[in-house]
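The values are calculated or read from the model by the stated rules, or taken from the named source; none is laboratory data. Keep in mind it's a predicted model, so treat the numbers as computed, not measured. Using ideal geometry, Cβ is built from the backbone for each residue, glycine included, and neighbour counts are taken over all protein chains shown. Heads up: the accessible areas ignore ligands, DNA and RNA and are worked out on the full protein's heavy atoms, side chains in. Shrake-Rupley method; radii C 1.70, N 1.55, O 1.52, S 1.80 Å.
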Amino acid sequence: MKAETAAKKLGILLEAAPEEFREGLVTRDELAALMAEPPEWLEVLRREGPHPRTVVAAKLGISNSGLARGGVTDPLTSAEIKSLLEAPPAWLVTERATQAAVRAEKIRVAERDKERAARHSSGGSGV
């Protein structure tokens, strides 16, 4: 697989990986080995960053779209993420509230659908 695909699977920013990783191909066995016993460079990248957008969003508890709305376009390090969490700007507070509301709505809909399925399977009208 391409290095870009392997980097996504490893949760790292390709541009921050060593040159030999970026320029090579990664077999499934090599990927499995990297996941099972990560080398020092991979552990450092995962711990300190810079992190790709999906990881940044997850660590901040918001969506990728929330990052864009907040004006975050560059990868962030763990220290930068920690700083944002310790003194959250208004946009981050808003995005975290939005994400919490989205999660609550997903749970509500899943529970509603579960109830409907249970009523339907027990002979109820299901409507």
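About the Cα centre, and with charges only on the beta carbon of Lys, Arg (+1) and Asp, Glu (-1), how big is the dipole of the chain? Nearest 20 debye, please.
980
Give me, ordered by chain and number, the residues 5 or more places off residue 76 or on other chains with an amide H under 5 Å from its own placed amide H.
51
Give the label of the value calculated from the structure for Cα extents along the principal axes in Å, choosing from (i) 48, 30, 25; (ii) 59, 34, 25; (iii) 62, 41, 21.
Matching entry in (i) 48, 30, 25; (ii) 59, 34, 25; (iii) 62, 41, 21: (iii).
With runs of 4+ DSSP H residues as the only contributors, calculate the mean residue ellipticity of the chain at 222 nm using -39,500 (n - 2.57) per run, divided by the residue total and rounded to the nearest 500.
The helix-only estimate for the chain comes to -20000 deg cm²/dmol at 222 nm.
Once the dipole of the chain is set up with Lys and Arg at +1 and Asp and Glu at -1 on Cβ about the Cα centre, which of 107, 36, 94 lies farthest towards its positive end?
Final value for the positive-end residue is 107.
Kindly report, to the nearest 10 Å², the accessible surface of residue 1 as traced by a 1.4 Å probe over protein heavy atoms only.
Accessible area of residue 1: about 60 Å².
So what's the gap between the Cα centers of the stretch 10-74 and the stretch 76-116, to the nearest angstrom?
Between the Cα centres of the stretch 10-74 and the stretch 76-116 lies a distance of 21 Å.
Of all accessible surface on the chain at a 1.4 Å probe, what whole percent is carbon and sulfur?
Using a 1.4 Å probe with all protein chains present, the chain comes out at 55 percent carbon and sulfur.
Report the number of Lys pairs in the chain whose alpha-carbons are under 21 Å apart, with separation of 8 or more residues or on distinct chains.
Working: 8/59; 9/59; 59/82; 59/106; 106/114.
Total qualifying Lys-Lys pairs in the chain comes to 5.
Select from 109, 26, 56 the residue whose mean-square fluctuation is largest in a Gaussian network model of the chain (Cα-Cα springs shorter than 10 Å).
Comparing 109, 26, 56 in a Gaussian network model of the chain, the most mobile one is 109.
Mind checking which of 120, 12, 68 is farthest towards the positive end of the chain's charge dipole, using Cβ charges of +1 (Lys, Arg) and -1 (Asp, Glu) about the Cα centre?
120
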